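Contents: one structure, followed by commentary.
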Amino acid sequence: MFCGDDVALIRRDRADSTHYTPPGGNVEHGEDLTRALARELAEELGLDTAAAEGGDLMWVVDQRVTRPGPTPSPRKLHLIYRFHISPDIRATLAEQELHELPDGSHEVGVIEWIDYRKTAELPIFPPIGPALAALADPHAAVTDTARDAVTDANYTWV
């Protein structure tokens, strides 16, 4: 989600680490991708995607990484889409996101707007920071949507 040169990321502070994620989530059983994307952006940002421009697929990230926690790590494909919004729309969006944990409690994520060129060194999962920071501008064409797979050999969960 871009607003000018800023991109929306959700900061998750934990006892031993901080990491960022782009807004989004899982596709529910029987749900198509477009509907899942709209639902997740509504849930996490309070955004109606009809008020945004774009929606193009930027990157696909294959996740095969072990992560901490009580549930086994699934293999996932992360589909990273790009939208653009105006400052007026941005002013209406959520500032926090509640992420439900397996025990029913919630983790609070803070929605931060960060200049996309400063994302290369941030702990972002999936690790798209370097590719994001390398864009010539927020509307730049992406020529290779397949990012390197995330595995235990090249990523340590924070």
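The numbers here are math on the coordinates, done by the rules we state, and not lab data. Note that the coordinates shown come from a computational prediction; the quantities given were computed from them, not determined experimentally. Cβ coordinates were reconstructed from backbone atoms using ideal geometry, including for glycine residues, and neighbour counts include every protein chain displayed.
Being buried (at least 19 other Cβ atoms within 10 Å of the Cβ), of a type in the set (Val, Ile, Thr) and in a strand (DSSP E or B), is that true of even one residue in the stretch 5-16?
yes
Let me spell it out: the conditions are (1) in contact with a helix residue (DSSP H, G or I) (Cβ under 6 Å, 6 or more places away or on another chain); (2) farther than 17 Å from His19 by Cβ; (3) aliphatic (A, V, I, L, M), and Ala133 meets all of them except one. Which number is the exception?
Among (1) in contact with a helix residue (DSSP H, G or I) (Cβ under 6 Å, 6 or more places away or on another chain); (2) farther than 17 Å from His19 by Cβ; (3) aliphatic (A, V, I, L, M), the lone unmet condition for Ala133 is (2).
Can you list residue pairs whose Cβ atoms sit under 6 Å apart, with the first residue in the stretch 72-101 being farther than 21 Å from Asp5 by Cβ and the second being among the basic types (Lys, Arg)? Count only pairs 6 or more apart in sequence or on different chains.
As it stands, the answer is Ser73/Arg67; Arg75/Arg64, since those pairs meet every condition given.
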